[in-house]
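Student: Below you'll find the structure I mean.
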């Protein structure tokens with residue numbers, strides 16, 4: 001049995017490793033094609049990890065990615081593709097910022113209340129797609145993409161100065177949030193920066209994700225639905241309720257994915273809030289195989305590529321384009337999709353052969369024994 | 001069939017079209033050779049017109065405008081299909097859609113047509129019309145391969161019959177010299193060990209009472225209707241009109257300790273009956289009482305928790321999570337029950353321990369409980385499922401083809417388990433294509449034909465041949481002399497749920 005566990009680890013690790021190696025090789029090809037040194041940029045980027053201020057940036061960024069990717073992964077586990085994480089995240093962050101700027105409760109109430117606002121907003125937005133799918137059979141992919149666009153317009157409307165918009169300098173914001181809603185971070189000194197307090201929320205969500213999926217009845221139903229809808233239905237899972245619940249939870253998680261930044265640093269929602277987080281999260285969830293540990297590594301890797309690449313522009317003697325990191329991220333997503341499927345099938349076949357071989361061996365032993373007995 | 005149409009490659013053997021040996025690597029190759037296929041589930045886009053559906057994918061043949069329209073009219077007139085090129089497919093009935101499918105194939109220049117279970121979705125008059133079309137095609141020099149479970153239809157429409165059982169050809173027959181009974185014999189075969197149930201253990205305690213159960217076909221089958229995600233509800237509103245009744249006023253009672261066998265050619269309503277009993281499809285009328293309680297509105301989970309065991313007919317689609325380890329498969333379907341769960345939480349340790357017990361007791365051949373279900377052989381998968389269902393002490397068991405695709409040794413074991421549980425008062429609904437299994441295991445036998453329970457029989461005296469002919473719809477009522485006939489025919493009782501709870 002130990003052997004099989006080793007096998008599973010091998011299968012689990014082979015996919016991402018093959019994908020990463022392939023992505024690095026292909027990036028090097030791009031570098032060679034543009035007449036650059038194909039290896040030096042990696043060294044330059046890795047060097048950045050040594051600086052503590054970059055480390056803080058990476059961790060902070062990764063916490064946003066992580067929460068959003070958990071939201072995506074939750075849908076993936078039951079074959080629901082929530083592309084709307086981006087809209088749910090932006091709307092959730094904006095609504096939280098608005099509420100935070102107008103309501104002032106004591107801190108111990110204000111922060112949970114703000115988290116709830118973000119979660120409910122995200123859940124509501126994703127729930128629209130869920131209800132449409134359950135009642136009218138509308139594909140959640142289409143619905144959530146459209147809801148992303150609608151979220152953009154809605155945010156644009158709500159941040160008009162007639163509504164909740166406040167002009168700060170040249171930037172339209174939602175006004176500075178009340179101090180009681182600010183989440184203190186871990187201050188590592190003037191030069192290094194501050195780790196968001198809600199990084200711990202991200203960690204807690206990761207643990208919660210694992211617990212719910214692997215240790216609860218609900219999680220089992222959800223995974224069963226993802227693995228075989230027909231088997232799940234026969235086992236008594238109500239597909240409709242499952243779709244709606246998964247969509248709501250996915251949206252709720254997505255809705256709070258912007259809050260580490262909002263409550264920890266920005267304290268207002270403005271046009272300069274990071275865009276496209278939800279789309280990045282899809283790639284991260286894929287790379288992390290929807291597994292909370294894997295997603296954490298993937299989120300850190302992504303944040304590293306994001307935060308270490310600007311240094312390439314200022315490298316001496318030869319400067320590189322920081323877009324190399326973007327190319328690499330794109331290639332990783334490609335390679336991941338291909339290598340996972342290949343490894344999955346290879347793993348299944350490998351196990352089938354193993355089981356066949358072991359049973360044959362056992363049978364051979366039995367007959368031998370019998371022969372001896374005779 | 002898939003090989004003929006180029007969807008799958010043969011491992012061995014050859015195909016010759018008009019004397020030339022050919023090999024297909026895709027359906028396009030098959031079409032180029034003049035082989036066309038009409039699938040059981042139609043491949044039509046509802047929101048396009050007939051013309052658009054027909055030219056889709058073969059725009060180069062006759063263009064997409066007037067030329068194609070003319071060609072469609074021409075084909076339609078020549079074979080008497082009566083297809084209007086500009087009608088919207090969503091406005092067409094099932095039979096019309098089927099004719100569009102046939103026309104689509106002819107449009108591509110097919111000379112050999114493969115029809116896969118074409119009558120499954122049709123009402124009798126439509127079947128007659130289809131057969132008229134087929135004869136028309138035949139007289140124009142086309143070849144038709146007609147695949148069907150329904151013996152009577154095969155006999156009436158075919159010029160030559162080939163019987164396939166378990167992947168091999170078991171014989172050919174000429175319809176004019178063959179009776180349905182002989183054909184049934186060929187289909188069923190009788191080389192299997194006969195299961196025998198010794199003494200009767202039937203009690204008078206009714207476990208399951210079904211009254212006037214009626215289910216309509218989900219009308220207008222089109223692409224992927226079967227895969228519709230939400231099994232319940234979405235496909236439900238098709239009732240009314242002239243929708244086909246896939247289950248028509250079915251009434252029966254199963255007592256504790258009784259195995260009731262349902263014989264019937266596949267596709268006569270067995271699947272729908274199972275779905276209605278387990279709750280993945282809701283009855284349009286009628287009532288199901290389980291231990292005196294009306295469970296008709298209950299969801300699947302509540303039914304299973306209250307003691308309905310289920311050995312599904314398709315274990316890969318309904319019984320297992322193929323890529324999950326065995327112990328997770330042991331949880332499937334019983335996620336709310338001990339030893340799999342403690343309240344809200346799962347109990348992996350309990351489930352794993354119990355999986356080891358099942359593996360031991362039911363002789364599931366596996367190196368461990370952490371391997372995926374997909375890596376076991378079919379027989380061992382089935383033993384795991386039987387073990388799982390029996391572990392929860394069901395009071396009523398739906399056993400659909402419990403030994404299909406299972407080797408002889410495992411088959412005997414599974415039969416033993418069912419008999420054992422029956423002695424302890426289990427009520428079993430046994431649905432099987434294996435007539436020997438049905439006769440040997442059942443205490444009472446019913447025959448399902450066209451969604452109705454048309455006949456009943458005493459398994460102690462009936463022969464597979466007699467049963468086979470009843471399956472074709474040739475005989476009805478009570479099939480054996482002696483005993484007072486049980487009310488298999490319940491037409492006099494009409495529909496309308498009667499409250500008989502006690």
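Student: Take the protein assembly as shown, drop everything but the C-alpha atoms, weight them equally and run the Debye formula without solvent; then report log10 I(q)/I(0) at 0.08 Å⁻¹ to two decimals.
Tutor: -0.90
Student: In addition: Please list the equivalent ellipsoid semi-axes of the range B:421-471, computed as the square roots of five times the alpha-carbon gyration tensor eigenvalues, in descending order and whole angstrom.
Tutor: Numbers: eigenvalues 75, 33, 17 Å².
Each semi-axis is √(5λ); the values are 19, 13, 9 Å.
Student: Further question on the same structure: Assign one of three labels to the range B:46-121, namely rounded, prolate or oblate, based on the Cα gyration tensor with a ≥ b ≥ c the square roots of its eigenvalues; rounded applies when a/c is under 1.5, prolate when it is not and a/b is larger than b/c, and oblate otherwise. Present the calculation step by step, with values, prior to reporting the outcome.
Tutor: Working: a/c = 1.61, a/b = 1.23, b/c = 1.31.
Since a/c reaches 1.5 but b/c is at least a/b, the shape of the range B:46-121 is classed as oblate.
Student: Between A:159, A:135, A:96, where does the largest GNM mean-square fluctuation fall for chain A, given springs only between Cα atoms within less than 10 Å?
Tutor: A:135
Student: Given 20 °C and 1.002 mPa s, how large is the Stokes-Einstein diffusion coefficient of the range B:308-392 in µm²/s, with Rh as the Kirkwood radius over Cα pairs?
Tutor: On the way: Rh = 12.5 Å.
Calculated translational D: 171 µm²/s.
Student: Got a sec? Which residues in the range A:25-64 would a label at residue A:318 touch, if it sits 7 Å along Cα→Cβ and we count backbone N under 19 Å?
Tutor: A:25-48
Student: Could you give the radius of gyration (one decimal) and Dmax (whole number) of the Cα atoms in the range A:260-374, in Å?
Tutor: Radius of gyration, then largest Cα-Cα span, for the range A:260-374: 25.1, 86 Å.
Student: Using a Förster radius of 60 Å, what is the FRET efficiency between residue B:476 and residue B:342 based on their Cβ-Cβ separation? Nearest 0.05, please.
Tutor: 0.70
Student: Working from the pairwise distances between different alpha carbons, so that the mean of 1/r is found and then inverted, what is the range A:233-276's Kirkwood radius in Å? Let's see the in-between values first.
Tutor: Working: mean 1/r = 0.0776 Å⁻¹.
That comes to 12.9 Å for the range A:233-276.
Student: Return the Cα extents of the range B:15-148 along principal axes one, two and three, sorted largest first, each rounded to a whole Å.
Tutor: 42, 36, 25
Student: Provide the FRET efficiency to the nearest 0.05 for the residue B:11-residue A:337 pair, computing r from the beta carbons and using R0 = 41 Å.
Tutor: 0.85
Student: At 7 Å along the Cα-to-beta-carbon direction for both residue B:86 and residue A:136, put a label point, then send me their distance in nm to one decimal.
Tutor: Using points 7 Å along Cα→Cβ, the separation is 3.0 nm.
Student: Cα-Cα pairs above 17 Å in the range A:84-207: how many percent?
Tutor: On the way: 5030 of 7626 pairs.
Counting pairs separated by more than 17 Å, the tail of P(r) holds 66 percent.
Student: Provide Rg and Dmax in Å for the range B:270-357, with only Cα atoms included in the calculation.
Tutor: 14.6, 43
Student: While we're here: Rounded if a/c is under 1.5, else prolate if a/b is larger than b/c, else oblate: which is chain A, with a ≥ b ≥ c the root eigenvalues of its Cα gyration tensor? Please list the in-between numbers first.
Tutor: Numbers: a/c = 2.17, a/b = 1.38, b/c = 1.57.
Cα axes put chain A in the oblate bin.
None of the figures in this text is laboratory data; all of them are computed from the coordinates on show. None of the values given here were measured: they were computed from a predicted structure. Counting neighbours? That spans all protein chains shown, and the Cβs are built from the backbone with ideal geometry, glycine included.
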